[in-house]
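Peer 1: Please see the structure below; I have some questions.
What follows is calculated from the coordinates using simple rules that are stated; it is not laboratory data. Bear in mind that the values here come from a model prediction, so they are computed numbers and not experimental data. Counting neighbours? That spans all protein chains shown, and the Cβs are built from the backbone with ideal geometry, glycine included.
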Amino acid sequence: MWDFVQTHLKQLPVIKVTNGYPQELLNIVERDPRRIYDRQASWFIRHGAMVPISTPDFLAELPVRFREMDGMVFLPEQLVEYEKARSRIPQVKQAELFVSDERSAIDWLTNFLLKRPSTRSEIHPEYIPQIGSAKRKGEIIPELDQLLEDNFLKYDGTGEVPSQIHSYLSTNHKDLRGLDKSSPALVAKAKDRWYVPDPNKAQDLEKKREKALLKEFETYKSFTGRKIKESRLEVLRAGFRAAWAAKDYQTIISIANKLPEETLQEDEKLLTLYDMALTRTEEN
């Protein structure tokens, strides 16, 4: 599995820069940890094998085996190359993301909060315009509050200010530079800001999120109507993965048959699991 990740990372570009002046480094979406997990999971499924690791465990192990910077994963030698470019071109421009489903909404929020840990009232006016014409038909995107609660952490003013927030505030507010992480002025400014968790805490969040997704998947399993007109793609993906791991191919087929055709056809992960479930059922 980790050999696959290593090979995959080797094939990805290390540096992308914008045209024009001043140049900016581009965030490479394919190097996002969750995207890498999805890619390796798809590889195993396409080859008829069980996915050998859960999302939370994968995300926890990834930074141990590889290197992370600016929300991207690198091989050690790639990170050296990236850091050299980073020293010459300090500004990292996040890739333009269109919020079409829950996954891209999380990606957008991650990019935003990596750059600028913010309060909910600061995030809301920036986020809402992103959900528009790109939204997939029949796709349910959870409310902003739920997305934040499930995927990020909020500093409540207790204890030291997290380094992610401290770094942002000390860089962007002259009066907060050089202050201790427990300084009352820094704590007051940092309170209620959402931020991207470090890998260890991210694992706990991911486990909590996965549990919630699978719980919601049960409502799809118990659905007795003919068609599920609206659905959460992340719930379907988590549920299909769990059913595949349990060799419960009939659940995948049954729910897939109730989904609008475009929901299935437009998502490679769902379609792959559905096709493989059909194949396994026919073999048996």
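Peer 1: Got a sec? Charge dipole of the chain, +1 on Cβ for Lys and Arg, -1 for Asp and Glu; which of 236, 105, 263 is way out at the positive end?
Peer 2: Most positive-ward Cα: 105.
Peer 1: Sticking with this structure for a sec: Nothing charged except the Cβ atoms of Lys and Arg (+1) and of Asp and Glu (-1): what's the magnitude of the dipole of the chain about its Cα centre? Round to the nearest 20 debye.
Peer 2: 240 debye
Peer 1: In Å and whole numbers, how far do the C-alpha atoms of segment 202-283 stretch along each principal axis, longest first?
Peer 2: Principal-axis extents of segment 202-283 (Cα, largest first): 37, 28, 23 Å.
Peer 1: Take segment 84-221, compute every pairwise Cα distance, and split them into 10 Å bins from 0; I just need the percent in each bin.
Peer 2: Final binned percentages: 11, 35, 34, 16, 4, 0.
Peer 1: Counting only Cα atoms, I'd like the Rg/Rh figure for segment 1-96, Kirkwood definition for Rh.
Peer 2: 1.02
Peer 1: Say a site is exposed when it is one of the GluC sites (Glu not before Pro), sits in a DSSP loop, and has at most 12 other Cβ atoms within 10 Å; what is then the longest site-free stretch of the chain?
Peer 2: 1-95
Peer 1: Among 153, 271, 236, what is the fewest-to-most ranking by other Cβ atoms within 10 Å?
Peer 2: 271, 153, 236
Peer 1: Let me ask something additional. Output the pairs from 16/84; 137/269; 16/115; 137/258; 229/258; 84/201 with a Cα-Cα distance over 20 Å in this structure; if there are none, say none.
Peer 2: Beyond 20 Å: 84/201.
Peer 1: Further, regarding this structure: About the Cα centre, and with charges only on the beta carbon of Lys, Arg (+1) and Asp, Glu (-1), how big is the dipole of segment 1-96? Nearest 20 debye, please. Don't skip to the end; give the middle numbers.
Peer 2: Values: 13 positive and 13 negative charges, 36 e Å.
In total the dipole reaches around 180 debye.
Peer 1: If you don't mind, there's one more thing I want to ask. So, counting K/R as plus one and D/E as minus one, what does the shell of residues with Cβ under 12 Å around residue 277 add up to?
Peer 2: On the way: positive: 241, 247, 280; negative: 248, 275, 282, 283.
That sum, taken over residues with Cβ under 12 Å, equals -1.
Peer 1: Just how many % of Cα pairs in the chain lie over 35 Å apart, if you round to the nearest whole percent?
Peer 2: Values: 9161 of 40186 pairs.
Tail fraction, whole percent: 23.
Peer 1: Another one. Any idea which of 220, 114, 167 is furthest toward the positive side of the dipole for the chain, if Lys and Arg beta-carbons carry +1 and Asp and Glu beta-carbons -1?
Peer 2: 167
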